[in-house]
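Structure first, then comments.
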Amino acid sequence: MIQRQKQIDFARIRKAIGYLSENYKSQPTLEQAAEHVNLSSYHFQRMFSNWAGISPKQFLKYINITHAKKLLKEDKASLLDTTYELGLSSTSRLHDLFIDIEGMTPGEYKNGGENLSINYSFVESPFGKTIVASTIKGICYIAFVNDEESSLKLLKNQYPNAEYQKHRDQMQQMQINLFLL
């Protein structure tokens, strides 16, 4: 009985992830996503967070940022076009999304970190050695490390126009403390 319920729950979450991924442009609400999988908003929120490790709203943010990054870098879209393409209500929503997840503005991201100072440090975590990088706006990069030199090179390739310094700042320390919980 318990195994059968887990299969049903897994299928619901998979269906919800598909729904959110396919409908990100319409920015579905919690209620819409819950209705799609025949659950109350309360139960859907709790179940999704348990299975995915993040809330449906945060998951939608990650979908949006992934598409926004592609539009800005690969497609060379403007901030306004990117905002429209994601279904966001204004460029300030795009700005907030980037600050929240990338630790920089969409313009700074699009320009490869131009005029941006990035601090980075290496830390041992329960999952292995990690590089953590931040701007004054927030964490902009976290990755597992095979070796420090190649990891730093990957970071610099992502933001080629930024200035870098090896320094553990307060933003990084807060993230490191989360790793160690």
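Rule-based calculations on the coordinates, nothing more; no lab input. Since we're looking at a predicted model, the values are computed, not measured. Neighbour counts run over all protein chains shown; Cβ positions are idealised from the backbone, glycine included.
Couple of notes before you dig in:
- Residues Thr135, Thr91, sorted so that the one with the fewest Cβ neighbours within 10 Å comes first: Thr91, Thr135
- Efficiency of FRET between Ser92 and Lys6 - r from beta-carbon atoms, R0 41 angstrom, step 0.05: 0.50
- Computed from the Cβ-Cβ distance with R0 of 35 Å, the FRET efficiency linking Asn146 to Tyr62 stands at 0.90.
- Using distinct alpha-carbon pairs, which all enter the 1/r mean, Kirkwood radius of the range 117-179 in Å: 11.5
- For Lys69, a cut-off of 19 angstrom between C-alpha atoms picks up these lysines, skipping any fewer than 8 places away in its own chain: Lys25, Lys57, Lys61, Lys110, Lys137, Lys156.
- Under-5 Å amide H pairs with Leu116, H placed in peptide plane, nonlocal only: Glu163
- Whole-angstrom gap from the range 51-80 to the range 125-159, using each part's C-alpha centre: 20
- This model, with +1 at the C-beta of Lys and Arg and -1 at the C-beta of Asp and Glu, gives the chain a dipole about its Cα centre of some 540 debye.
- Under 10 Å, Cβ to Cβ, from Ser40 - net charge with Lys/Arg +1 and Asp/Glu -1: -1
- GluC sites (Glu not before Pro), loop per DSSP, at most 16 other Cβ atoms within 10 Å - longest free stretch of the chain: 1-73
- A simple spin-label model places the labels of Glu163 and Glu35 5.2 nm from each other, with each point 7 Å out along Cα-to-Cβ.
- Among Ala33, Gly138, Thr82 - extreme Cα towards positive end, dipole of the chain, charges at beta-carbon: Ala33
- Sorted by Cβ neighbour density within 10 Å, fewest at the top, the residues Arg168, Arg4: Arg4, Arg168
- Counting beta carbons within 10 Å around each of Ile118, Ile8 and listing the fewest first gives the order Ile8, Ile118.
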